[in-house]
1. HN-Hα J couplings of the range 60-77 from phi, Karplus 6.51/-1.76/1.60, θ = phi - 60°, integer Hz, Gly and Pro as x?
2. For the pair residue 213/residue 189, report the inter-label distance in nm, with labels modelled 7 Å from Cα in the Cβ direction.
3. Count charges around residue 99 for me, please; just the other residues with Cβ under 13 Å from its Cβ, Lys/Arg as +1, Asp/Glu as -1.
4. Quick one: Cα convex hull volume of the range 43-165, Å³ per residue?
5. Would you mind getting the Kirkwood hydrodynamic radius of the range 158-207 from its Cα pairs, rounded to one decimal in Å?
6. What length, rounded to one decimal in nm, is gained on full extension from residue 95 through to residue 175, with 0.36 nm per residue of separation minus their alpha-carbon distance?
7. Let me check the size of the range 115-268 from its C-alpha atoms; what are the radius of gyration and Dmax in Å?
8. In the neighborhood of residue 127, defined by Cβ-to-Cβ distances under 11 Å, what is the net charge if each Lys or Arg adds +1 and each Asp or Glu adds -1?
Amino acid sequence: MNARRVLMLAALLAPALAPARAPAADTPRPELPPVAVDGESTAAREQKTVADLLQVLEVFEREKARYAPGAELRIRVLPRHDLADAPALELRHGTVREPITLDALGRFTVPPAWRALPAGAVVRSRLPGGRLAWAVDVRTPGLPEHSRRLGDLRLECRADLYGGALMRGVKPPAFYALRAASDICASRLVALGFFADEPVFAVQVSHAGRSAELSYRWMHGREVGQTSLLFGLVDWPFALRDRFVAMPPDKWADWPHDARIDLEPMTP
């Protein structure tokens, strides 16, 4: 190869072999505008229809005078699988997204004004379906801490099973036949189950100098055992087991509505 061809080849390769020059320090770099992605997951979320909640309110208002004249109604949500879950809720209808305020026990009220909301209105959590336990919460003000009233619990049962059916439960066809023919909340086939505010060690029922202790078999799901194929159909077996108390109605049938249930926490 002669010298002339070598020089021409070197000239052609020079730009490719030369190191890239760094951009000038004062050269502005173009900035891309932010991109907003608007959309929602289609995964099932924890929610209850406002229609169900209003059915609870209807039964409460209708039967309050009989069971708990001075009681107040709230709906309670509790983490079902993991106590670290935050059960934040919002009211949704159409394009409206309205946060719902929960108290320290995870409760909110059902305003009568919700009766004017559209038929498809729901109370929804961001948590996936199955992560929350929903419960009717009826309490008469003025009771000591860690105490409940038997009439309040009876009204909770009525408002749930004859109202919105918020709590999960095993309900075969015989359940609905019995509910239609009698007071299901007074039947030995149903337990007045509720969640204490803290893990429970012992339960005592008292009224007018009379007292009785609730057998441990009715706490912590002991009557059912540690495992069951039905656990997925109820609320208490996971994170809430140590707070769950069952009150068999037939065993307390002769106790008045004003009987007090005192719950001794596991940790004072």
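No value in this document is a laboratory result; all are computed from the given coordinates. All of these numbers come straight from a predicted model, not from anything done at the bench. Cβ coordinates were reconstructed from backbone atoms using ideal geometry, including for glycine residues, and neighbour counts include every protein chain displayed.
1. Calculated HN-Hα couplings, in order: 4, 5, 6, 10, 4, 4, 7, 9, 8, x, x, 7, 10, 9, 9, 10, 10, 10 Hz.
2. My value for the distance between the label points is 3.3 nm.
3. Charge balance near residue 99 sits at +2.
4. Considering the Cα atoms of the range 43-165, their hull volume per residue is 115 Å³.
5. After inverting the pairwise mean of 1/r, the radius is 12.9 Å.
6. Values: separation 80, 0.36 × 80 = 28.80 nm, distance 3.84 nm.
Between residue 95 and residue 175, full extension yields 25.0 nm more.
7. Gyration radius and largest Cα-Cα distance of the range 115-268: 16.3, 51 Å.
8. +2
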